[in-house]
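K.L.:
One structure, pasted below without further comment.
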Amino acid sequence: MAKQLLGKEVTAALNERIKANVAACQEKGVNPTLCIIRVGENPSDISYEKGATKRCETLGVACEKILLPEDVTQEDLLATIDKVNKDSHIHGVLLFRPLPKHLNQAVIENALAPEKDVDCMTDLSMSGVFTGKKIGFPPCTPQACMEILDHYQIDCTGKKAVVIGRSLVVGKPAAMMLVKKNATVTICHTKTVDMPSVAREADIIIVAAGRAGVVGAEYVKEGQTVIDVGINVNAEGKLCGDVDYAAVEPIVDAITPVPGGVGSVTTSVLVGHVVEAAMRTL
Ligand SMILES: Nc1nc(=O)c2c([nH]1)NC[C@@H]1CN(c3ccc(C(=O)N[C@@H](CCC(=O)O)C(=O)O)cc3)C=[N+]21
């Protein structure tokens, strides 16, 4: 039986710090405010939006939403971003990605004001993750993985870490953050040859493959820690991870469940960034 790494234990600690910072803002007459921009009706965007809305409420942060149709033009989305950039009562902006194919995502991502970039969407913010310079905020999801490792005192120094997935939202920045924690890191992706045997060599596996249940028993061995970043909505509308939990859990030492793992921590990290952005304006 593996130890469950529970998101709620990690968020309880984070939320206390966030609440204190919210109070500090309010004392100075500033109401930390998140603006969510959603294009279309992607179910995983909607579930993140629901989670973020609830967490904002719990923590006393305002949450505004801008919903745009799936066929929004590049011009209209850029105009929306320009508007929130100029709106001084908004401290942080979350734009769900990936965007529909007809939009030029690279241009849109860099249109956001850097000081409001609470999920590391701009190239400038992302450069901070790679250079180690303190620029903006790190991306919420890989930071949530690190918060879980820290909270459960899972030391990375000298450990072998395998990251499954090379996206700019999770895989690549997660690998850099693990390097910063002194792990030796391997990034696996769709062209990796014999991924199960690479994964079995790891002490720590971060799974951000983006497909439900792809990591099965053949990827793991005893003694490992498995962090499942996947949030997939299955046919019954239920959340499930990228790890086949029932197969993997009996083998490894520690594992994050879905739901109840990384996703819930991601949401608190996001709200924490919004409050931090508000504090920087004081
Ligand atoms: N720019 C961008 N950044 C993202 O981080 C991003 C994105 N776009 N697009 C969509 C995906 C999906 N995603 C989710 C996060 C939390 C829940 C979620 O359900 N959270 C629940 C808890 C879930 C759980 O317990 O595991 C909550 O906060 O209460 C769902 C989905 C982020 N993504």
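K.L.:
Can you pull out the residues in segment 245-282 that are of a type in the set (Gly, Ala, Ser), closer than 23 Å to Ala199 by Cα and either surrounded by 17 or more Cβ atoms within 10 Å (Cβ to Cβ) or within 13 Å of the ligand (Cβ to nearest atom) (or both)?
P.N.:
Answer for segment 245-282, where residues must be of a type in the set (Gly, Ala, Ser), closer than 23 Å to Ala199 by Cα and either surrounded by 17 or more Cβ atoms within 10 Å (Cβ to Cβ) or within 13 Å of the ligand (Cβ to nearest atom) (or both): Ala254, Gly261, Gly263.
K.L.:
Right, something else. Out of (1) at pLDDT below 95; (2) closer than 20 Å to Glu276 by Cβ, what's the single condition that is false for Ile46?
P.N.:
Exception for Ile46: condition (2).
K.L.:
Might you let me know whether segment 168-182 holds any residue that is within 16 Å of the ligand (Cβ to nearest atom), modelled with pLDDT of 95 or more and basic (Lys, Arg)?
P.N.:
For segment 168-182, residues within 16 Å of the ligand (Cβ to nearest atom), modelled with pLDDT of 95 or more and basic (Lys, Arg): present.
K.L.:
For Gly213, only one of the following conditions fails: (1) in a helix (DSSP H, G or I); (2) farther than 25 Å from Ile18 by Cβ. What is its number?
P.N.:
Result: Gly213 passes all but (1).
K.L.:
Right, another one. With Glu115, Glu109 as the choices, which residue is among the charged types (D, E, K, R) and more than 14 Å from the ligand (Cβ to nearest atom)?
P.N.:
Glu115
K.L.:
Here is a further query. I want to confirm something. Restricting to segment 1-36 and keeping residues that are of a type in the set (A, V, I, L, M), touching a strand residue (DSSP E or B) at 6+ places or on another chain (Cβ under 6 Å) and within 27 Å of Ala217 (Cα to Cα), which single residue is surrounded by the most Cβ atoms within 10 Å (Cβ to Cβ)?
P.N.:
Leu5
K.L.:
Continuing with this model, one more query. Tell me, which helices (runs of 4 or more DSSP H) lie completely within segment 106-203 with 1 or more residues that are in contact with a strand residue (DSSP E or B) (Cβ under 9 Å, 6 or more places away or on another chain)? Full working, then the answer.
P.N.:
On the way: elements: 123-131, 140-151, 171-180, 195-200.
It comes to 140-151, 171-180, 195-200.
K.L.:
Shifting gears a bit: Please list, ordered by first then second residue, the pairs with beta carbon atoms under 6 Å, 6 or more apart or interchain, first in segment 185-207 and without any contact (Cβ under 8 Å) to a residue 60 or more places away in the chain and under 18 Å from Tyr245 (Cβ atoms), second in a helix (DSSP H, G or I) and not β-branched (Val, Ile, Thr).
P.N.:
Within 6 Å, the pairs are Pro196/Glu218; Pro196/Tyr219; Ala199/Tyr219; Ile205/Ala199.
K.L.:
I'd like the full set of residues that are within 15 Å of the ligand (Cβ to nearest atom) and assigned to a loop (DSSP other than H, G, I, E, B), limited to segment 224-235.
P.N.:
So the first thing to find is which residues in segment 224-235 are within 15 Å of the ligand (Cβ to nearest atom), and the list is 226-234.
Residues satisfying the conditions are Val229, Gly230, Ile231, Asn234.
K.L.:
Can you tell me which residue is surrounded by the most Cβ atoms within 10 Å (Cβ to Cβ) among those in segment 184-200 that are aliphatic (A, V, I, L, M) and over 20 Å from the mean Cα position of the chain (by Cα)? Working first, answer last.
P.N.:
First pass over segment 184-200, keeping only residues aliphatic (A, V, I, L, M): 185, 187, 193, 195, 198-199.
This time we only want the ones that are over 20 Å from the mean Cα position of the chain (by Cα), so: 193, 195, 198-199.
Values: Val193: 7, Met195: 19, Val198: 18, Ala199: 22.
Among residues in segment 184-200 that are aliphatic (A, V, I, L, M) and over 20 Å from the mean Cα position of the chain (by Cα), the one surrounded by the most Cβ atoms within 10 Å (Cβ to Cβ) is Ala199.
K.L.:
Answer yes or no: is there a residue in segment 214-222 that is within 19 Å of the chain's Cα centre (by Cα), over 20 Å from Asn42 (Cβ atoms), surrounded by 18 or more Cβ atoms within 10 Å (Cβ to Cβ) and modelled with pLDDT of 95 or more.
P.N.:
No, segment 214-222 contains no residue that is within 19 Å of the chain's Cα centre (by Cα), over 20 Å from Asn42 (Cβ atoms), surrounded by 18 or more Cβ atoms within 10 Å (Cβ to Cβ) and modelled with pLDDT of 95 or more.
The values are calculated or read from the model by the stated rules, or taken from the named source; none is laboratory data. Computed from a predicted model, the values in this text were never measured in an experiment. Virtual Cβ from ideal backbone geometry, glycine too; neighbours counted across all protein chains shown.
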